[in-house]
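Asker: Below you will find the structure I want to go over with you.
The values are calculated or read from the model by the stated rules, or taken from the named source; none is laboratory data. Nothing here was measured: the structure is a model prediction, and the numbers come from that model. All Cβ positions, even for glycine, are placed from backbone atoms using ideal geometry, and neighbour counts span all protein chains on display.
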Amino acid sequence: MWTPAPANIRAAPLNPDRQVNWLPSAGLPQLQARAQLFQQIRDFFRDRQVLEVDTPLLCSAGVTDPAIEPLTVIGGLSVPATRYLQTSPEYAMKRLLAAGSGPIYQLGKAFRDGEAGRRHNPEFTMLEWYRPGFDHHQLMAEVAALMQHCLGRDEWRKVSYRELFQQTLDIDPFTAGVSQLRDCARSRIEVEFDSDDADLWLDLLMSHIIEPGLSGLCFVYDYPATQAALAQLRETEDAVVAERFELYIDGVELANGYHELGDARELQQRFERDNARRVANRQSPRPLDERFLAAMVAGMPACSGVALGVDRLLSIATGEADIRKLMPLAWDNC
């Protein structure tokens, strides 16, 4: 009989002076639901003729984004240099796209050094896919189709980042100054720090005020240019926007997608700016992925891509709010 690990039961160890919990974190029904979701995802992409690929977990370069910290593996006999556990298969998959793979997806593990809790695990399952010829609006529609396939939820909406702030907080995030953003945040949230970084206040307002009120399936798109990451920029009449989106389901952030930037020179400049911010934040700078940049020089087809947290998707599908109870062995149990 399958037995998940209860909080108050410890298995008998060989050493009677040391209590060791060896039991799984999830029950058999949760493992079966996980397997069913994996199969649904693979069926969805098979029917759309999107090729499944898998890329290395150990990478020679870590991402430069100051908001993402990779887990590192110290070199050994076969690999003398430090390697980074992938925070996303993005760079490797884009090299495949540049080599002519066509539409591809990957369902596998990713790693990020940071919070561990009911919605975060340093080791997690990520679904990432790329669609040559799609812009970010076309990809949003396909993400919505996947949600209908996996969750049976076919109602969805999309709203621009700008409209969302204007509707919710009566603030234009593209023109508001730091003092206005700071005052707005402090009037609604208890804040014990100060900063001249507008994006910090925008992130705080988004995560603490706006996100919890997003009901149903909601795509937020066209972010400020300062939050572009690896997305293309587009000029509008009065602002420059990043062609990216995030999907929220009942206030839970689930996916992050880009109309992908393929310009190698601009990508290198963004990586260098990231490293400058890392140094300013007293974080270690990261080596640039030269193979990825070389692939971009060779030419990646115009495409859009998206990364989706599968453990969170399973949480929504099952109604279990704690993703640790849906993992065979959660971070604190392996």
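Asker: Could you figure out which of (1) out of contact with any strand residue (DSSP E or B) (no Cβ under 8 Å at 6 or more places or on another chain); (2) surrounded by 14 or more Cβ atoms within 10 Å (Cβ to Cβ) isn't true of Ala280?
Answerer: (2)
Asker: Identify all residues within region 133-174 that are part of a loop (DSSP other than H, G, I, E, B), free of Cβ contacts under 8 Å to residues at least 12 places away in the same chain and within 18 Å of Val220 (Cβ to Cβ); write none if there are none. Quick ask: steps written out before the conclusion?
Answerer: To start, the set of residues in region 133-174 that are part of a loop (DSSP other than H, G, I, E, B) comprises 133-135, 152-155, 170-174.
If we keep only those that are free of Cβ contacts under 8 Å to residues at least 12 places away in the same chain as well, we get 152, 154, 170, 172.
Answer for region 133-174, where residues must be part of a loop (DSSP other than H, G, I, E, B), free of Cβ contacts under 8 Å to residues at least 12 places away in the same chain and within 18 Å of Val220 (Cβ to Cβ): Asp170, Asp172.
Asker: Among the residues of region 13-32, is any among the aliphatic types (A, V, I, L, M), at pLDDT 85 or above and loosely packed, with under 11 Cβ neighbours inside 10 Å? Reasoning before the result, please.
Answerer: At the first step, the residues of region 13-32 found to be among the aliphatic types (A, V, I, L, M) are 14, 20, 23, 26, 28, 31.
Those still in the list that are at pLDDT 85 or above too: 23, 26, 28, 31.
Okay, now just the ones that are also loosely packed, with under 11 Cβ neighbours inside 10 Å, so none.
Taking every residue of region 13-32 in turn, none turns out to be among the aliphatic types (A, V, I, L, M), at pLDDT 85 or above and loosely packed, with under 11 Cβ neighbours inside 10 Å.
Asker: Do we have any residue at all in region 201-212 that's within 19 Å of Arg112 (Cβ to Cβ), buried (at least 20 other Cβ atoms within 10 Å of the Cβ) and of a type in the set (Asp, Glu)?
Answerer: No: zero hits.
Asker: What number of residues within region 106-127 satisfy the criterion of being part of a strand (DSSP E or B) and under 14 Å from Ile68 (Cβ atoms)?
Answerer: Keep residues of region 106-127 that are part of a strand (DSSP E or B), which gives 106-111, 123-127.
Then drop every residue that is not under 14 Å from Ile68 (Cβ atoms), which leaves 110-111, 124, 126.
Within region 106-127, residues that are part of a strand (DSSP E or B) and under 14 Å from Ile68 (Cβ atoms) number 4.
Asker: When only residues in region 111-141 that are modelled with pLDDT of 95 or more and among the aliphatic types (A, V, I, L, M) count, which is nearest to Cys59 (Cα to Cα)?
Answerer: Per the stated criteria, the residue is Met126.
Asker: Considering only region 75-97, state which residues are surrounded by fewer than 18 Cβ atoms within 10 Å (Cβ to Cβ) and either touching a residue at least 12 places away in the same chain (Cβ under 8 Å) or among the acidic types (Asp, Glu) (or both). Show your work before the answer.
Answerer: The initial filter retains those residues of region 75-97 that are surrounded by fewer than 18 Cβ atoms within 10 Å (Cβ to Cβ), namely 75-82.
Once the filter is applied, which keeps residues that are surrounded by fewer than 18 Cβ atoms within 10 Å (Cβ to Cβ) and either touching a residue at least 12 places away in the same chain (Cβ under 8 Å) or among the acidic types (Asp, Glu) (or both), region 75-97 yields Val79, Ala81.
Asker: While we're here: Being under 28 Å from Gly305 (Cα atoms) and surrounded by fewer than 15 Cβ atoms within 10 Å (Cβ to Cβ) is the filter here, so list the residues in region 169-190 that pass it.
Answerer: So the first thing to find is which residues in region 169-190 are under 28 Å from Gly305 (Cα atoms), and the list is 172-174.
If the condition is that a residue be under 28 Å from Gly305 (Cα atoms) and surrounded by fewer than 15 Cβ atoms within 10 Å (Cβ to Cβ), then Asp172 is the only one that fits.
Asker: Inspect region 236-254 for any residue being surrounded by fewer than 16 Cβ atoms within 10 Å (Cβ to Cβ) and either part of a strand (DSSP E or B) or among the aromatic types (Phe, Trp, Tyr) (or both) and give the result as yes or no.
Answerer: Residues of region 236-254 surrounded by fewer than 16 Cβ atoms within 10 Å (Cβ to Cβ): 236-240, 250-251.
Then keep just the ones that are either part of a strand (DSSP E or B) or among the aromatic types (Phe, Trp, Tyr) (or both); that gives 240.
For region 236-254, residues surrounded by fewer than 16 Cβ atoms within 10 Å (Cβ to Cβ) and either part of a strand (DSSP E or B) or among the aromatic types (Phe, Trp, Tyr) (or both): present.
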